[in-house]
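The values are calculated or read from the model by the stated rules, or taken from the named source; none is laboratory data. Bear in mind the structure is a predicted one, so any value in this text is a computation, not a measurement. With ideal geometry, Cβ positions are generated from the backbone for all residues, glycine too; neighbour counts draw on all protein chains shown. The protein model used for the area step is the full one, side chains on, heavy atoms only, and it has no ligands, DNA or RNA in it. Shrake-Rupley method; radii C 1.70, N 1.55, O 1.52, S 1.80 Å.
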Amino acid sequence: MAAVARAHPNIALVKYWGKADDELIIPAAGSMSMTLDKFATTTSVALTSGSDTFELNGTTADAKATARTTAFLDLVRDLAAQAGLDTAQAGAQVVSSNEGPTAAGMASSASGFAALATAAATAFGVELSSRQLSRLARRGSGSASRSLIDRFAVWHAGTSDATSYAEPISAPDMAMVSVTVNATAKKVSSRDGMTATRDTSPYYQAWIDTTVTTLNEMLAACAAEDFTRIGQLTETHAHRMHAVINASHPPIRYLAPESWQIFEEVTAMRQMGLEAYATADAGPNVVIICRPDDAAAVAARVGAYGQINTFSPGPGAHLVDVA
Ligand code: 2P0
């Protein structure tokens, strides 16, 4: 059996940064995101009688990425065994390609594991609800739980495997304008940076406590369709995340001087009446949220800082072919 799935990255407005359980990937606080409509990952999974293989962007993946893929496929084989399926013994040939920059803060692990979970569940014949698929994707990479979801997602932190999953929420239509100031891989992975922050940053508990509060405020702002409030919460929360990360020992810096210049530029846009708010993940690239009609004006203001992409809310992970 074989299946092909497609998934898009997501950008969090309320960020996930810190785990309560490293093995099960249970976050210390919930988060909220928009799934993008570009930079998809397409992944095919074909069952074989041999061991697992993993090709990424046209070349055989390195040992670390292959081991992470096999560990994930082991979870799918466990589900197949629980369902009494003989695919529980199968190997898989996984072929994946990213349309966006890999490991440069555009969440390629989120689209990657969301596509892999969707394709692998089908190829192994495991029938899962959307909640179960979100839980499965979470085990590959936490933020992948959110890329299962159309448009806007909340990831409930939960306290166990069964209670930690993402689901859709409604939010006002908005655009994201990303500024890629550097498309090379970051020096400290999100996974390592998160652990270092939890273990060494004295502000970690305050970060988790305020994230819980911010998520509740964000959900209320989304329900009220209050774009201004959503933007204000997003920008403040992004600064808090980088502050708690910066306070790790040894210090970790994901933002570059150009990133700070873009934050300044976004403040200047607001002062002239162009309502935009900025956020940034574990890398130097900045993502600006605005109303859809303002996206072209926002993009024009930051074009000098790097490669610009404009996104709308996009689809959740979905199958594109089954054989
Ligand atoms: C987020 N990030 O909420 C935050 C903001 C990066 C900065 O989720 O260890 O790759 O695989 O669960 O999902 C990146 O973390 O980490 C991330 P793992 P993941 O989008």
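Overview of results
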item	result
Subset of the stretch 170-201 [over 16 Å from the mean Cα position of the chain (by Cα) and part of a loop (DSSP other than H, G, I, E, B)]	SER170, ALA171, PRO172, ASP173, MET174, VAL181, ASN182, ALA183, THR184, LYS187, VAL188, SER201
Which listed residue, of ASP21, ASP86, is without any contact (Cβ under 8 Å) to a residue 40 or more places away in the chain, more than 20 Å from the chain's Cα centre (by Cα) and open to solvent by 40 Å² or more (accessible area, probe 1.4 Å)	ASP86
Residue satisfying condition, being open to solvent by 10 Å² or more (accessible area, probe 1.4 Å) and among the aromatic types (Phe, Trp, Tyr), within set PHE113, PHE152	PHE113
Any hit, the stretch 108-131, residues being modelled with pLDDT of 95 or more, part of a loop (DSSP other than H, G, I, E, B), farther than 30 Å from PRO168 by Cα and over 20 Å from the mean Cα position of the chain (by Cα)	no
Those residues of the stretch 184-205 which are out of contact with any Gly (no Cβ under 6 Å at 6 or more places or on another chain) and open to solvent by 60 Å² or more (accessible area, probe 1.4 Å), in sequence order	THR184, ALA185, LYS187, ARG191, ASP192, ASP199, PRO202, TYR203, GLN205
Where a residue in the stretch 231-251 is on the phi > 0 side of the Ramachandran plot and open to solvent by less than 20 Å² (accessible area, probe 1.4 Å) and its partner, wherever it lies, is more than 12 Å from the ligand (Cβ to nearest atom) and part of a loop (DSSP other than H, G, I, E, B), with Cβ under 9 Å and at least six apart	none
Failed condition for GLN261, given (1) at pLDDT 95 or above; (2) touching a strand residue (DSSP E or B) at 6+ places or on another chain (Cβ under 6 Å); (3) more than 25 Å from GLU217 (Cβ to Cβ)	(2)
Which listed residue, of TYR277, TYR305, is under 21 Å from the mean Cα position of the chain (by Cα), hydroxyl-bearing (Ser, Thr, Tyr) and surrounded by 13 or more Cβ atoms within 10 Å (Cβ to Cβ)	TYR277
